[in-house]
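Have a look at the structure below, then the notes.
Every number in this text was worked out from the coordinates using simple rules, so none of it is lab data. Since this is a predicted model, take the numbers as computed values, not measurements. Glycine gets a Cβ as well: all are built from the backbone with ideal geometry, and neighbour counts include every protein chain shown.
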Amino acid sequence: MGTHVKAAAVVLDAVSKSYGKVEILKNVSLSITPGEVVTLLGPSGAGKSTLLRCVNHLETISAGRIYVHGKLIGYREEGDALHELSDREISAQRRSIGMVFQSFNLFRHMTVLQNVMSGPIHVLRQPKGQAEDLARELLAKVGLPDKADRYPSELSGGQQQRVAIARALALSPSVMLLDEPTSALDPELSQEVILTIRALAEQGYTMLIATHEMAIAKEFADRVIFMVHGEVVEDVPARTFFASPRHERSRQFVARHAG
Amino acid sequence: MVSLILAAAIRAKIMNLEVFFTYLTSEQVLIGARNALVLGTLALAVASVIGLIVALMRVSGNPILAALSATYVYFFRGTPMLIQLLFWFNAVPTMFQRVHLAIPFTDVVLVDAPTTAVITPFVAALAGLGLAEGAYMAEIIRAGILAVDKGQRAAARAIGMTEYQVLRHIVIPQAGRIIIPAGGNQYIMLLKSTSLASAIGFLELLRIATDIYSSNFMVVELLAVAAFWYLVMTAFATAVQTTLEKTFPQR
């Protein structure tokens, strides 16, 4: 393991992933330093979501290695062989990796407060009072202090996504993965979610964001990784990507989203 | 429709109302109704536990467990409940003369008795109804589990829940809400299916009614009495279902 692996927040080392004969990720390597905000851009089907789901082992990879803060994800290395970790070990690794989904996925049968408390209570086994204090604090942080006792179905999409962000933050993750956090929202509701994500960026959270939302990539991302057909085509500072995209596909992409 | 038939029967003097009311609240009939309610309710409890286990085996992803589960459902759903009741009551005691149950490696003997003494009509009826209904419940619970959105599970795993915790805190509570209406249906079916136990001599409602009318020939009145109490039980089951649906709404 090189020193860059130990120092980096997230490292993908020659990761491939296929479903049967279909290759979703082809030899993807990338590295994210702590505090960095990286957006994954690319057309639908480029493998952005799959990449994120591999980072917390919701999907298994076919080849390569993934490290989060120096720890190999999902496997134990013995000599040259990799052995998949047990359910318990994998869930322990996931605690420090926050994830936000396109479809929010708030637990439907729980109130907003219970959703945010679910990680601290069931996973970290914190006392209820402590978990509730933290949950209320986080709900205030995402601007929804008065929705604690509502059910997810009573909230707008934007509000649900902000609760989902609070739920992920409740575990004090060292890395946040956001999988198309605004794609299911209309522009107005997207805006409130983008502002929430931006606040996290300013607080120094390490984030890897798959998105179609140019505002995120342009306004506060440090870096853009542009993917096409499961391959990383460009991996450059965000400014560079929009000012002078090098590849044909990224030029087309930037031109189309220029407005 | 029932009330129309009853009214017609009373007008035509086919049914004697006085006899109907005398037996409606007679001690024997009330005991029969209670026995039916107890048997049906316990059978539902047994069936729910079996159903949950069999459903989890089916969705476990383990091919051996899934095959065992499918076989269970096929057998117990594929044979008439009446045959199963007769099997437990009549066939099992002839197959095994004596029941000997002990905790292994100790001297503790839990049961040691002739099989006929252990398998009373109640035990046979509970086993028969519970095991058969367990197969139906397994399919209902399985459908409930499959109806839980995949994203819910992904989100639970993502916050670091183990597979057991995902099941316990997310999948089962949500599947439970989904299956309440179907479960209420099965409860009503079971309450009425307790009448099958009359064939093995369990003193439930129908058995008591037929015993009485075979000596006094008040066939219409006693069947009406039995039907009345089944309707009361169905109303009770419906009320339980409605209360559960209100307490645990789907959101």
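What fraction, in whole percent, of alpha-carbon pairs in the stretch A:1-134 exceed 19 Å separation? Working shown, then result.
Numbers: 5219 of 8911 pairs.
For the stretch A:1-134, the share of Cα pairs beyond 19 Å comes to 59 percent.
Charges at C-beta only: +1 for Lys and Arg, -1 for Asp and Glu. How large is the resulting dipole of the stretch A:86-203 about its Cα centre, in Debye rounded to 20?
400 debye
Contour minus end-to-end for B:Leu42 and B:Val232, with contour as 0.36 nm per residue of separation and end-to-end as the Cα-Cα distance?
Stretched out fully, the B:Leu42 to B:Val232 stretch lengthens by 66.6 nm.
HN-Hα J couplings of the stretch B:228-234 from phi, Karplus 6.51/-1.76/1.60, θ = phi - 60°, integer Hz, Gly and Pro as x?
4, 5, 5, 5, 5, 5, 4
Looking at the stretch A:225-254, which trypsin sites (Lys or Arg not before Pro) are in a loop (DSSP not H, G, I, E or B) and have at most 10 other Cβ atoms within 10 Å?
Those that pass, being in a loop and sparsely packed, number zero.
Of B:Phe87, A:Gln114, B:Met233, which is farthest on the positive side of the dipole of the protein assembly as shown, counting Cα position, with +1 on Lys and Arg Cβ, -1 on Asp and Glu Cβ, and the Cα centre as origin?
In the protein assembly as shown, that residue is A:Gln114.
Take every Cα-Cα distance within the stretch B:64-135, group them into 5 Å bins from 0 onward, and report for each bin the whole-number percent of pairs it holds.
The calculated distribution, bin by bin, is 3, 16, 19, 17, 16, 16, 10, 2, 0.
B:Val99's amide H: which non-local residues (gap 5+, or another chain) put their own amide H closer than 5 Å, with H modeled 1.01 Å from N in plane and none for Pro or chain starts?
Here B:Ala113, B:Thr115 satisfy the definition.
Tell me the chymotrypsin sites (Phe, Trp or Tyr not before Pro) within the stretch B:48-149 that lie in a loop according to DSSP and have at most 12 other beta-carbon atoms within 10 Å. Walk me through the numbers on the way to the answer.
Working: sites: B:Tyr72, B:Tyr74, B:Phe75, B:Phe76, B:Phe87, B:Trp88, B:Phe89, B:Phe96, B:Phe105, B:Phe122, B:Tyr136; in loops: B:Phe96, B:Phe105.
Those satisfying the criteria are B:Phe105.
Label points 7 Å out from Cα along the Cβ direction at A:Ala81 and B:Leu86: separation in nm?
5.7 nm
If contacts are Cα pairs under 8 angstrom and at least 6 residues apart, what is the relative contact order of chain B in percent? All intermediate terms of the calculation are to be shown ahead of the outcome.
Numbers: 297 pairs, mean separation 70.9, N = 251.
Result for chain B is 28 percent.
Which percent, to the nearest 5, of DSSP beta bridges fully inside the protein assembly as shown are antiparallel?
Percentage antiparallel, nearest 5: 65.
With +1 on the Cβ of every Lys and Arg and -1 on the Cβ of every Asp and Glu, and nothing else charged, how large is the dipole of the protein assembly as shown about its Cα centre, in debye rounded to the nearest 20?
400 debye
When only alpha-carbon atoms are used, what values of Rg and Dmax, in angstrom, describe the stretch A:166-259?
Just the Cα atoms of the stretch A:166-259 yield Rg and Dmax of 13.9, 42 Å.
When Rg is the radius of gyration of the Cα atoms in the stretch B:169-251 and Rh is its Kirkwood radius, what does Rg/Rh come to?
Using only Cα positions, Rg/Rh for the stretch B:169-251 is 1.18.
So for chain A, what are the equivalent ellipsoid semi-axes in whole Å, largest first, each being the square root of 5 times an eigenvalue of the Cα gyration tensor? Mind showing how you got there, number by number?
Working: eigenvalues 168, 119, 48 Å².
Calculated on Cα positions only, the semi-axes equal 29, 24, 16 Å.
For B:Tyr74 and B:Thr242, compute 0.36 nm times the residue count separating them, minus their Cα-Cα distance, and round to one decimal in nm.
Once the chain is fully extended between B:Tyr74 and B:Thr242, it gains 57.4 nm.
Would you mind estimating how fast chain B diffuses translationally, via Stokes-Einstein at 37 °C and 0.692 mPa s with the Kirkwood radius over Cα pairs, in µm²/s?
158 µm²/s
Give the relative contact order (percent, whole number) for chain A; include only Cα pairs under 8 Å separated by 6+ residues.
25 percent
Which ³J(HN,Hα) values in Hz, rounded to whole numbers, follow from the phi angles of the stretch B:168-175 under the Karplus curve 6.51 cos²θ - 1.76 cosθ + 1.60, where θ = phi - 60° and Gly and Pro get x?
After applying 6.51 cos²θ - 1.76 cosθ + 1.60, I find 6, 9, 10, 5, 5, x, 6, 5 Hz.
Mind running the shape call on the stretch B:108-225? Use the C-alpha gyration tensor, a ≥ b ≥ c as the square roots of the eigenvalues: rounded below 1.5 for a/c, prolate if a/b tops b/c, oblate otherwise.
Here the stretch B:108-225 falls in the oblate category.
Could you name the lysines whose alpha carbon sits less than 21 Å from that of A:Lys6, not counting residues in the same chain fewer than 8 places away?
Result set, ordered by chain and number: A:Lys71.
What is the extension gain from B:Gln250 to B:Ser60, computed as 0.36 nm multiplied by their sequence separation minus the C-alpha to C-alpha distance, in nm to one decimal?
Here the answer is 65.9 nm.
Can you work out the PRE-style zone for B:Ala117? Point 7 Å along Cα to Cβ, and I want the residues of the stretch B:67-99 with backbone N under 12 Å.
Within reach of a label on B:Ala117: B:98-99.
Output the Cα-based Rg and Dmax of the protein assembly as shown in Å, rounding Rg to one decimal and Dmax to a whole number.
So, for the protein assembly as shown, Rg and Dmax equal 31.2, 101 Å respectively.
For Cα pairs less than 8 Å apart in space and 6+ apart in sequence, what is the mean separation divided by the residue count of the stretch A:147-259, i.e. the relative contact order in percent?
19 percent
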